[in-house]
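What follows is calculated from the coordinates using simple rules that are stated; it is not laboratory data. Please read all numbers here as calculations on a predicted model, not as lab measurements. No Cβ is skipped: glycine too gets one built from the backbone with ideal geometry, and neighbour counts run over all protein chains shown.
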Ligand code: GLN
Ligand code: ZN
């Protein structure tokens, strides 16, 4: 029988039990032992789910109380010295200190210990804790958790495949904290510890060790590529079979290298690297296991099992029992189970497969390969669901396709070039030099959230909810007028989330009740699911913006989320290219932009903070992505007259390497996050001679600290040395929804003062 397995499983639990236990622990409501007890309940449940689906072993080592990379930092004994641990602290307490930092104690000097930096795990929305390396970094086998969990699974009678992050990916994902040193140089010190871990696992009797090296799907420098062979030659001496796991991206120039490494098996991503599976099957020696990731671990759709079998059969005929089946990557990136998904109607539910259902799909494939009639019923059901989805009127809206196909070539171009538009906008808007504005949201107070919750529960009528939100808008407008800001916003009080708010009003989107995915630590997100052609049945923001504009003679900036950000933060359909879905969303946003303009809104901001994170993992694929992504933005923005000013906003990103494409978005004004880099991020815009107007953030909105006017004036002065003064705007780094009102008012007052001071010189 074909062996089936999973690279990893969601950790949070069917009902996010781990999240609530963690937060209870951090609040001091439950102690470490109680938290560990929750872990001891969840792991066996998740293993049992794997066994119930007929998996040949359970995966152990994918569980984490915060993050699997942080687990490895402890396992490998390289907790950064800067935390100053004495060695007496319990491992779990140190772990949470690494993850969450410690605040400075009252009266003490220094900054306390900031947490490890967090960054995105490849191109997912999961964030890992970044290992820190210096020339002094030493490694040792320093943690027993992995071995204890293996023993736990074995005690339950499960055959075990242990999961480890490979040494090269571990080093690659970390960061050098000393100048002039290369972390790859630490490999020699690191490998003996991996050797000890493998020896321990072998002694425990684990069947296999899955060793993840996802960096093999990246553009690696030669030194990194060359390090693989000798490293794995050393690890191979430990005698436990290694399954080298790659995912998220094609192997390309690393394909032969991966196939030749002295390991017992290779896992490849049959979804993202579908095109190179045949080459892998050719290059991978026949005695090695080929684990094919045939079920999409990055998306929520039921697998087309017939199509999967068609792909699997030739490999199966050739390799027989040395072909294994698995999800493409860990199931960490999909929700737990469709069962109990009560918010969705039966039709939509039938199209979906979350982690538990994906395991079941593997079982059906296994049975089908064995010629087991038990698979027939499930195959028929799957066939039926796939057919129904493809044919559904809810998926296909011919008007959307027709509209896209009929778009004139210039649909993504404004009428006039920027200099002409700039003159028209200056005439219309009559703004002072260095105009002041904000990024959109004002504090989401407890009252706002309570009103929304009551409205959703049906305890507050639509009319009363509207009255409450209008009151918030009026308050935000009054505050901004009193502060003397030049371009006002309505404050986004009515929005829960910048994607969900739009998804809820667009056709083609649905929302689960329990489709949570871990983002970092205890934080989970519930991405919308785009299942069908996207259109906008009716205006989404016009009433709020028009109301806000009616309260003030100053220009009111309309506020929308852009097509790429909506795409990037949703689960996206797999039956058409992402670029097509992006274009559909773009047209829906375009309709909203045009309606705002018609309602008298002269400035419209289309937020695109996620443009950069959509970049493919391989650089060679950037150009194509940026071409359709920037076109989608322009499509959304180009329906308006020259004198209507389009803004965009982006944060948490560097743009140095994609500035031509950012400029090609052709927004009249772009606001970016720059204050934390002391305006350094702006230099590239200056050197590039960025043609349009730009608002570099002058203060960090992540901290409650109120910046003083002199600091902001200094930053502005710096900006003025890089960007022509006539093109410069004054604004914070990002929206203010996470801040309180008093600090917001104080900070903006200083910001307006700084702008005025600079106008005078
Ligand atoms: N307009 C949004 C806000 O101000 C932008 C949020 C973002 O950039 N992430 O909240
Ligand atoms: Zn932002």
Counting other beta carbons within 10 Å of each Cβ, put 228, 9 in order, fewest first. 228, 9
Given points 7 Å out from each Cα along the Cα-Cβ axis, report the residue 720 to residue 226 separation in nanometres with one decimal. 5.2 nm
Sorting check: for 216-225, 425-434, which peptide has the highest mean count of neighbouring beta carbons within 10 Å, and how do the rest follow? 216-225, 425-434
What the 10 Å binned alpha carbon P(r) of the chain shows, as percent of pairs per bin from 0, is 2, 13, 22, 25, 20, 13, 5, 0, 0
Looking at the calculated P(r) for region 220-265, what percent of the C-alpha pair distances fall above 14 Å? 51 percent
Considering all projection directions equally, how large on average is the shadow of the alpha-carbon convex hull of region 629-687, in square nanometres? 4.4 nm²
Within the chain, the percent of DSSP beta bridges that are antiparallel, given to the nearest 5, stands at 15 percent
Percent relative contact order for region 409-496, counting Cα pairs under 8 Å at least six residues apart, stands at 39 percent
P(r) of region 353-506 over all Cα-Cα pairs, 10 Å bins starting at 0, rounded to whole percent, reads 8, 18, 17, 22, 18, 10, 5, 1
So, in Å, what gap is there between the alpha-carbon centers of region 1-74 and region 583-599? 44 Å
Based on the Cβ-Cβ distance from residue 407 to residue 86, what FRET efficiency comes out when R0 is 51 Å, to the nearest 0.05? 0.20
Using just the Cα positions, wrap region 416-760 in a convex hull and report its mean projected area in square nanometres, one decimal place. 17.0 nm²
Multiply the residue gap between residue 519 and residue 40 by 0.36 nm, knock off their C-alpha separation, and tell me the result in nm, one decimal place. 170.2 nm
Between 0 and 90°, nearest 10: helix 462-483 axis offset from the chain longest Cα axis: 60 degrees
Please list 411-419, 200-208 highest first by mean number of surrounding beta-carbon atoms within 10 Å per residue. 200-208, 411-419
Expressed in angstrom and rounded, the centroid-to-centroid distance over alpha carbons for region 518-540 and region 343-395 is 23 Å
Starting from the Cα of residue 156, step 7 Å along the direction of its Cβ; do the same at residue 656; then give the gap between the two resulting points in nm. 4.8 nm
Need the full-extension length gain, residue 461 to residue 478, defined as separation in residues times 0.36 nm minus the C-alpha distance. One decimal, nm. 3.5 nm
So the angle from the long Cα axis of helix 145-155 to the longest Cα principal axis of the chain, reported in degrees to the nearest 10, equals 50 degrees
So, by mean Cβ neighbours within 10 angstrom, what's the order for 635-648, 444-457 with the highest one leading? 635-648, 444-457
Once you have a ≥ b ≥ c as the square roots of the Cα gyration tensor eigenvalues for region 534-642, tell me rounded if a/c is under 1.5, and otherwise prolate or oblate according to whether a/b is larger than b/c. prolate
Angle check, please: helix 709-722 long axis (alpha carbons) against the longest principal axis of the chain (alpha carbons), in degrees 0 to 90, nearest 10. 80 degrees
Per-residue [θ]222 nm for the chain (sum of -39500 (n - 2.57) over DSSP H runs n ≥ 4, rounded to 500): -13000 deg cm²/dmol
Which percent, to the nearest 5, of DSSP beta bridges fully inside region 416-760 are antiparallel? 20 percent
Over region 1-97, consider all pairs of different Cα atoms and compute the Kirkwood hydrodynamic radius from their mean reciprocal separation; express it in Å, one decimal. 15.0 Å
For region 597-706, what does the alpha-carbon gyration tensor say about shape, rounded, prolate or oblate, given a ≥ b ≥ c as the root eigenvalues, a/c under 1.5 as rounded, and a/b over b/c as prolate? oblate
Quick one: if you stick a label point 7 Å off each Cα along the C-beta vector at residue 376 and residue 144, how many nm between them? 5.4 nm
Using the C-alpha atoms of region 110-174, what convex hull volume per residue, in cubic angstrom, is computed? 162 Å³
Backbone N within region 715-733 under 20 Å of label point (7 Å from residue 676 Cα along the Cβ vector): 715-716, 719, 731-733
Using the Kirkwood radius over Cα pairs of region 373-438, the Stokes-Einstein translational diffusion coefficient at 4 °C and 1.567 mPa s, in µm²/s and rounded to a whole number, is 73 µm²/s
